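Structure, as structure tokens:
The values are calculated or read from the model by the stated rules, or taken from the named source; none is laboratory data. This is a predicted model, so every value here is computed, not measured. Neighbour counts run over all protein chains shown; Cβ positions are idealised from the backbone, glycine included.
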Ligand code: UDP
């Protein structure tokens, strides 16, 4: 069959919508623009309703073969285990299934490369066995990638905890990283999460190349550092290909969804969209304060509300997208909030069609947890942001967005770690009606234009993906 003669690429996604979504976009592009077939391996451990819906809604493409890896046994993982440990274990335990599946497919078509995300480096061993080039796909910024590549050096240079260093973490050629903004795994070097994290980042240098979901104008400083700084040459850093932004396309089939119909009825750029990604939760005190802040700001809003969690901000990560019963919303919102804001605001439990909302002309601002996909989607649709990071690398993305002047960051209340209602009101007004909001909007337009330039024929991101694709095809 002629189809089978197409070159194949194998892609392995780790758990989490933030990994799955951009890798699927990469797959689609390799199929439609570069004549590949893709074997796409997804995890079914910790799979969510949102994940099933996403996979179900994929266009029927003869080039895209979704292979669901059987769920790993996670019964021995304690419920308090951190995200890095859980993802690390699930990935490791799915290696035998990946290997079997890859060897079975070997006869179906020539697999020319294996692409994994930041938690998939165990699969490098399988690539070595099969003699396949191995590529890393960074689902975050080049700034974060630089930090990850440099972390093994920092680990060696530093005794004790990074938190005790006093000053910010300096990555050659990059913006300094404040200690408080470090991802959680790195804040405790004795933790299991840190060991997993370090395990993966130490292997990044083994990749034959690193694809990163960003582009020059957005991330120029770190991309330059990765190319030019001696510290990165010494690692040695594999070739880095900024091929982004790869984001989900707007699906017109979703038009009938309730919140999009509601948006239709609102004035242009009048609605503040509030969402904390696929895994973010707020504490009960913070949910109440956010509700008061939104109400008092008198802005229209569309809020994806989750059940509060007082223990961890990533509570929904392993149960997101509709798995969890959000319960009775009124129970954790201030008394009377839903009635008082009727018509002005819409509250949606758990999950909403985010790209369609950001692309909608009624949306004027985005209060976001600064997940990298959310960030890219906001920029490409020219929506200025309120940066409200919660966990993972989000705290490093937030200052970058503020520096780029596309976001404002609310100030935490002293003592209780909660952002107060007055502060929420201030930032909501600033983004939605202030001159600063307009300036941020103008800046997002510039970045959006550069995103279009880099991704269209002849643009640098476009050319780089062509280059890698032809290297895979030619086996070089
Ligand atoms: N997303 C969505 N609806 C939701 C929450 C998230 O469509 O209610 C999508 C969002 O558009 C983005 C992805 O899920 O593409 C979340 O990725 P991101 O990197 O922003 O954050 P993460 O969920 O990994 O923390």
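Checking 419, 427, 431, 348 one by one, the residue that is part of a loop (DSSP other than H, G, I, E, B), within 20 Å of residue 292 (Cα to Cα), more than 19 Å from the chain's Cα centre (by Cα) and in contact (Cβ under 8 Å) with a residue 24 or more places away in the chain is 419 and no other. Residues in region 351-367 that are closer than 15 Å to residue 276 by Cβ and either within 11 Å of the ligand (Cβ to nearest atom) or out of contact with any helix residue (DSSP H, G or I) (no Cβ under 8 Å at 6 or more places or on another chain) (or both): 351, 352, 354, 357, 358, 366.
Being crowded, with 18+ Cβ neighbours inside 10 Å, touching a helix residue (DSSP H, G or I) at 6+ places or on another chain (Cβ under 7 Å) and at positive phi narrows it down to one residue among 277, 244, 293; which is it?
Answer to the selection: 277.
Scanning region 145-159 finds one or more residues that are in contact (Cβ under 8 Å) with a residue 24 or more places away in the chain and within 27 Å of residue 8 (Cα to Cα). Applying the condition of being farther than 27 Å from residue 103 by Cβ and touching a residue at least 60 places away in the same chain (Cβ under 8 Å) to region 35-80 and asking which residue is surrounded by the fewest Cβ atoms within 10 Å (Cβ to Cβ) yields 57. Residue count for region 147-178, restricted to those that are over 21 Å from residue 190 (Cα atoms) and out of contact with any strand residue (DSSP E or B) (no Cβ under 9 Å at 6 or more places or on another chain): 4.
Check region 242-254 and report whether any residue there is within 13 Å of residue 146 (Cα to Cα), in a strand (DSSP E or B), within 16 Å of the ligand (Cβ to nearest atom) and at pLDDT 95 or above.
No; the residues of region 242-254 include none that is within 13 Å of residue 146 (Cα to Cα), in a strand (DSSP E or B), within 16 Å of the ligand (Cβ to nearest atom) and at pLDDT 95 or above.
Scoring residue 382 on the criteria (1) more than 13 Å from the ligand (Cβ to nearest atom); (2) out of contact with any strand residue (DSSP E or B) (no Cβ under 9 Å at 6 or more places or on another chain); (3) at negative phi leaves a single failure, condition (3). Residue count for region 278-304 under the criterion of being within 11 Å of the ligand (Cβ to nearest atom) and at pLDDT 95 or above: the result is 3.
All conditions in (1) modelled with pLDDT under 95; (2) surrounded by 15 or more Cβ atoms within 10 Å (Cβ to Cβ); (3) over 19 Å from residue 16 (Cβ atoms) hold for residue 103, with the sole exception of (2).
Looking only at region 106-123, which residues are in contact with a strand residue (DSSP E or B) (Cβ under 7 Å, 6 or more places away or on another chain) and either without any contact (Cβ under 8 Å) to a residue 40 or more places away in the chain or under 18 Å from residue 475 (Cβ atoms) (or both)?
If the condition is that a residue be in contact with a strand residue (DSSP E or B) (Cβ under 7 Å, 6 or more places away or on another chain) and either without any contact (Cβ under 8 Å) to a residue 40 or more places away in the chain or under 18 Å from residue 475 (Cβ atoms) (or both), then 109, 110, 111, 112, 113, 114, 115 are the ones that fit.
The single condition from (1) under 30 Å from residue 190 (Cβ atoms); (2) out of contact with any helix residue (DSSP H, G or I) (no Cβ under 8 Å at 6 or more places or on another chain); (3) within 16 Å of the ligand (Cβ to nearest atom) that residue 87 fails is (2).
In this structure, is residue 315 in contact with a strand residue (DSSP E or B) (Cβ under 9 Å, 6 or more places away or on another chain), in contact (Cβ under 8 Å) with a residue 12 or more places away in the chain and more than 11 Å from the ligand (Cβ to nearest atom)? Against the criterion (in contact with a strand residue (DSSP E or B) (Cβ under 9 Å, 6 or more places away or on another chain), in contact (Cβ under 8 Å) with a residue 12 or more places away in the chain and more than 11 Å from the ligand (Cβ to nearest atom)), residue 315 does not qualify.
From 260, 223, 272, which residue is touching a helix residue (DSSP H, G or I) at 6+ places or on another chain (Cβ under 8 Å), farther than 24 Å from residue 430 by Cα, outside any loop (DSSP other than H, G, I, E, B) and within 16 Å of the ligand (Cβ to nearest atom)? The conditions single out 260. Evaluating residue 370 against the criteria (1) more than 12 Å from the ligand (Cβ to nearest atom); (2) surrounded by 22 or more Cβ atoms within 10 Å (Cβ to Cβ); (3) part of a loop (DSSP other than H, G, I, E, B) leaves one unmet condition, (1).
Selection of region 390-416 for residues being in contact with a strand residue (DSSP E or B) (Cβ under 9 Å, 6 or more places away or on another chain), away from the ligand (no atom under 16 Å from the Cβ) and outside any loop (DSSP other than H, G, I, E, B) yields 399, 402, 408. Just one of (1) surrounded by fewer than 23 Cβ atoms within 10 Å (Cβ to Cβ); (2) farther than 30 Å from residue 178 by Cβ fails for residue 114. It is (1).
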